[in-house]
Each structure stands twice: as structure tokens, then as C-alpha cells.
Amino acid sequence: MNTRFRRSALFMPGSNARAIEKAKTLDCDVVILDLEDAVAPDMKVGARAAAVAAVRHGGFGARELVVRVNGLDTEWGADDCAALGRVAPDAILLPKVSTPVDLAIARAEMGGTVPLWAMIETCAAITGIGALTASAAHHGLTCLIAGTNDLSKEMHCRPDVMRTPLLPALAAIVMAGRATGLVVLDGVCNTLEDGPVLAAECAQGAMFGFDGKSLIHPAQIGAANRAFGASEAQLAWARAVIAAFALPENSDKGAIRVNGEMIERLHLEQAERLLI
């Protein structure tokens, strides 16, 4: 069982030294130093060096430190993987992963056992997601992130505020991840303000079963932490379920009554996860 919180995973430009330092003070669970979309071509090499230095120097506290490399079909991708593989951040995030072959190539470039995270942002990734996640253990894949902007572009769809065209893909990502024990993170929200649009999208992601949300601005952290964290009501429910199953008379029961609800042992597992 995964015991680490990933409610909020904030992308920060790997080329921006001030942003990297600021990330060490923010209330996000994961910092993702981005070498891909957030970095101009003429700054790619310098951003790689800055990310390597950031991993070596540390200082991110309890925050998980992940680096998103450039695609392996670019002139920077292979060198990114090799350089980051040597310094071993908490994970290396691969863009536009579509097949197990993409994972195999990346693992060969970086070597070692650094966990891989994958952006799921192509139609091929969605239609072949079962094969992709089935290979996760072999290649060291531990997390999927929905790349909703790139997926929308490839689908030629026009998402509304409820992301209606993307809902089947989001469900597929969650189900495939859960089937193979992977962490699953929702895609970014393009509305930066901590207001109703962001709150609704975070709530939707939590409802779908994502562990957290990828973010593009520090102002989004609070909404994600609220949506993907446990409420007081949920924590009270969890404590009641655990206490009820701990009673001697319930030790051998598969289902019991708690506060007017029929509770099974699968609910006990959910309660225990909430209180980690």
C-alpha cells in the first residue's frame, strides 16, 4: 500500500533558479522540475544542469522531488535521462509515454532503479493503457499523470468546464493504475485562481479516484490539498470503522454495522488508508 501523499504535484520551470528555491517553501507534496514544456529550446541544457544541481543539493524537506525530462524523440531527451539517472531524484517523469517500448527505451538510457512516472497524454496511451501498466513492475513505473491538455489537442476535442470529452480517458487512467498498484494524478487546471473552477475540477478528480492533481501555479496548491485530503467527517468515519472492527466480537466478521451503515472489510482498508 502506498503511504505517501501526492495531493498536490507542482510543476516548476527547471530553468528558473528562483522558482526552484521557492518550491522548497511551498505546501505541495510533490515538486516536479520541468525540463520540457516550461523551458525554451535555447535553455534546455542549462535547465538540465540546474535540475541535476537541485537534486544533488536537496533541501526540499518532505516534498517528493521529480524531474520531467524531454521526450526521447528530441535532441535533449537521452541526455536528460542519463544525467538524471546518475543523480537519482525521487522519480523521473517521462512525457508522451504511449507503449511499454517507451518505458524500455527510457530505462535503458537512464539505467539504475530510479522510479519512472509517465505522462498519459496520447490517444495511443489511452487505447493501450492495459499493456502499458501491465509492464509497470518490469520497467519501474510507479505513477501515471493525466496529460489533459496534450490529450485534448490530439483528440481535437473541446473540453467544457466538466471536461466531458475527457471523462472516459480519466476513468481509464484511474482503473488501469489501480489494477496494477500505481499512483494516479489528475491533469492540470488551466484556471490559476483558487476559485470555483479550480475547486470543481479538483473535486471531480477526487471523485474519480485520483490520488492528487498536477498543478502549474503555487496558487493552486491549497485547492488541491483540500480536495484530495481527508475531511473531518471522513476521518471520524475512518476512526469509527477501525474501532468497530477492533472489538473482540467483530474480529472474525467480514461485515458489521457501524452508525447505521453496513461496513465490510474493504471499507476497513479504506479507513486505514485515510488515517495513514
With θ set to phi - 60°, apply the Karplus curve 6.51 cos²θ - 1.76 cosθ + 1.60 along the range 225-241 and write out the HN-Hα couplings as whole Hz, x wherever there is a Gly or Pro. 4, 5, 5, 9, x, 7, 7, 4, 5, 5, 5, 5, 4, 4, 5, 5, 5
If the convex hull of the alpha-carbon atoms of the range 41-122 is projected onto planes in all directions, what is the mean projected area in square nanometres? 5.4
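Relative contact order for the chain: what percent, with Cα pairs under 8 Å and sequence separation of 6 or more?
Numbers: 487 pairs, mean separation 41.9, N = 276.
Answer for the chain is 15 percent.
Please compute the Kirkwood hydrodynamic radius over the range 225-276, one decimal place, Å, based on all pairs of different Cα atoms.
Numbers: mean 1/r = 0.0880 Å⁻¹.
It works out to 11.4 Å.
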If I compute solvent accessible area with a 1.4 Å probe over the protein chains, what percent of it on the chain is carbon and sulfur? 57
For the chain, give me the percentage of DSSP beta bridges that are antiparallel, rounded to the nearest 5 percent. 10
Can you bin the range 107-160 into rounded, prolate or oblate? Criterion: square roots of the alpha carbon gyration tensor eigenvalues sorted a ≥ b ≥ c, rounded for a/c under 1.5, prolate for a/b above b/c, oblate for the rest. prolate
Mean Cβ count within 10 Å, highest first, over the residues of peptides 141-149, 103-111: 141-149, 103-111
Percent relative contact order for the range 34-140, counting Cα pairs under 8 Å at least six residues apart, stands at 23
Work out the P(r) tail for the range 3-145: percent of alpha carbon pairs separated by more than 26 Å, whole number. 18
Projected onto the charge dipole of the range 225-271 (+1 at Lys/Arg Cβ, -1 at Asp/Glu Cβ, origin at the Cα centre), which of 268, 255, 228 gives the Cα projection farthest towards the positive end? 228
When the gyration tensor of the chain is built from Cα positions, what are the square roots of 5 times its three eigenvalues, in whole Å, from largest to smallest? 34, 20, 20
What order, most packed first, do the peptides 154-164, 14-24, 119-129, 180-190 have when packing is the mean number of other Cβ atoms within 10 Å of each residue? 180-190, 119-129, 14-24, 154-164
The helix 100-110 Cα axis meets the longest alpha-carbon principal axis of the chain at an angle in degrees, between 0 and 90 and rounded to 10, of 60
With +1 on each Lys and Arg Cβ and -1 on each Asp and Glu Cβ, and nothing else charged, work out how big the dipole of the range 117-199 is about its Cα centre, in Debye to the nearest 20. 260
Number of Lys pairs in the chain with C-alpha atoms less than 30 angstrom apart, excluding same-chain neighbours closer than eight positions? 12
222 nm [θ] for the chain, helices only, -39500 (n - 2.57) per DSSP H run of 4+, per residue, to 500? -13000 deg cm²/dmol
Of the options 132, 190, 238, report the single residue whose Cα projects farthest towards the positive end of the charge dipole of the chain (beta-carbon charges: Lys, Arg +1; Asp, Glu -1). 238
With the Cα gyration tensor of the range 174-240 giving a ≥ b ≥ c as the square roots of its eigenvalues, does the rule (a/c under 1.5 for rounded; else a/b larger than b/c for prolate; else oblate) give rounded, prolate or oblate? oblate
Residues with amide H under 5 Å from that of residue 180, placed H, sequence gap 5 or more: none
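The values are calculated or read from the model by the stated rules, or taken from the named source; none is laboratory data. This one's a predicted model, so the numbers in the text were calculated from it and none came from an experiment. Ideal geometry is used to build each Cβ from the backbone, glycine not excepted, and the neighbour counts take in all protein chains shown. Note: areas computed on protein heavy atoms with side chains; ligands, DNA, RNA excluded. Shrake-Rupley method; radii C 1.70, N 1.55, O 1.52, S 1.80 Å.
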